[in-house]
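Okay, structure first, notes after.
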There are 2 protein chains.
Amino acid sequence: MQHITRHDLDKLPSRYRAHMINSLSGFKSANLLATADEQGNTNLAMISSVVHLGAEPPLIGFIMRPNTVPRHSLDNIRQTGVFTLNHVHPGMLQPAHQSAAKYEREISEFDATGLTPMYHESFHAPAVTESRVRIGLQLLEIVPIKHNGTEMVIAEICWLNIPANIQQEDGYLDIEEAGSVSVSGLDSYHTTVRINRLAYPKP
Amino acid sequence: MQHITRHDLDKLPSRYRAHMINSLSGFKSANLLATADEQGNTNLAMISSVVHLGAEPPLIGFIMRPNTVPRHSLDNIRQTGVFTLNHVHPGMLQPAHQSAAKYEREISEFDATGLTPMYHESFHAPAVTESRVRIGLQLLEIVPIKHNGTEMVIAEICWLNIPANIQQEDGYLDIEEAGSVSVSGLDSYHTTVRINRLAYPKP
């Protein structure tokens, strides 16, 4: 085992360190964040920072980096109060990853990547047709994280789309069966192989 | 595809809904949170909410649920300002999962599960010997999330231990090679199979 100190980390080149530190939190979720501005112009961005916040009420959060691509998305969320998260499966991985490129504001990543927007009734934000797990969310709060200028977006689940066959008897959704991929670091994508579901632990 | 509304979700039994909503964020990291109180009594808790916050400075966050087991851990973090996160691999999965049981405060989950504490010089919090990726962290801030009583713990990386062979030329740490497992829902554990590392996307 290597022991690496904070002093060692601080001496590393910025991109090298970014790859390294991004790998340390462990496996991450791969979600497409889809939004539209008030005029209905759509935006799509791949994010790997979605985190479960609670089931009652059903809350999800994600971290928005300072001054990076998805700020167009954040502007849209501030304007309209809604967005969708869409799981990524291997068949849509290449266009999903491509959505993270630094496109100009007036370019929709749907057009640029070939992914297809779809709409649920009066819900303003588009979802991603190709995705097999889609979640519609309403913004609750944007919490600034003062230490590095990131922000945590906190939102409440309004609706969801899931394949009928992935829900198990106790409510668990088999996202492996849905093909949802996992991310490590900045750019490594992984499918999963279930070890097991483990029983509720008791002392 | 099934369309499920918020109204549908609100009618579900609490445990069923917890399994369901916990699956929705996508794949999660599996980390053992290790702490000690001022007297050196150790505590260990499995968490799946660790999130990358930034590389410069190197920051990691996690969500602490209200009134659940790891509050002993949170008390220790408040007291001492430090903790470690330790990736879980399949060979230590059973004791790692068991650490989430509701043990009394005076029982160390290290003793209860058979996992082994180790210490780095003067760093007060223990790390987990069996783990292959260990991170020492210093508390920066605990941010209350008012919508459901959870809290986000924000911390800065002080040191890390990694196997010498998992770092690639550009800094990326191959956590799949280290055997780090991924979690979905409350209790499903997965190994991973790399699809690919994808090139930095350009418009």
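Worth a mention:
- Choice from B:HIS87, B:HIS72, B:HIS190 with maximal GNM fluctuation in chain B (Cα, 10 Å cutoff): B:HIS190
- With both labels modelled 7 Å from their Cα along Cα-to-Cβ, the B:GLU141 to A:ARG15 distance reads 3.1 nm.
- The Cα atoms of the stretch A:81-203 give a gyration tensor whose axes a ≥ b ≥ c have a/c under 1.5, which makes the shape rounded.
- Selected from A:ASP170, A:ASP111, A:ASP37 as most flexible by GNM, with chain A as the system and alpha-carbon contacts under 10 Å: A:ASP170
- Computed over chain B, the per-residue total of -39500 (n - 2.57) for DSSP H runs of n ≥ 4 gives a 222 nm mean residue ellipticity of -4500 deg cm²/dmol, rounded to 500.
- Average beta-carbon neighbours from other chains, 10 Å sphere, peptide A:33-39: 0
- Computed accessible area, B:LYS28, all protein chains, 1.4 angstrom probe, square angstrom: 10 Å²
- Each other copy places its own label point for A:ASP75 at 4.9 nm from this one, sorted shortest first, where the point lies 7 Å along the Cα-to-beta carbon line.
- For B:ASP8, the point set 7 Å out from Cα toward Cβ sits 5.0 nm from its twins in the other copies, listed from shortest up.
- For the protein assembly as shown: rounded, prolate or oblate by the Cα gyration tensor [a/c cutoff 1.5]: prolate
- Taken over the protein assembly as shown, lysine pairs spaced eight or more positions apart, or on distinct chains, with alpha carbons under 29 Å apart number 26.
- Accessible surface calculations at 1.4 Å, restricted to protein heavy atoms, place the stretch B:25-185 at 34 Å² per residue.
- Top of A:PRO13, A:PRO144, A:PRO163 by mean-square fluctuation, Gaussian network on chain A, Cα under 10 Å: A:PRO13
- Rounded FRET efficiency, nearest 0.05, which uses the C-beta distance separating A:LEU198 from B:ARG194 and R0 of 30 Å: 0.75
- Loop sites in the stretch A:164-203: GluC sites (Glu not before Pro), DSSP, at most 10 other Cβ within 10 Å: A:GLU169
- With label points defined 7 Å past Cα in the direction of Cβ, position B:ILE195 shows copy-to-copy spacings of 2.3 nm, given to one decimal and shortest first.
The values are calculated or read from the model by the stated rules, or taken from the named source; none is laboratory data. The structure presented is a predicted model; accordingly, all values stated were derived computationally and were not measured. Neighbour counts are summed over all protein chains in view; Cβ atoms, including those assigned to glycine, are modelled from backbone coordinates with ideal geometry. Protein only, heavy atoms only, side chains kept; ligands, DNA and RNA dropped before computing areas. Shrake-Rupley method; radii C 1.70, N 1.55, O 1.52, S 1.80 Å.
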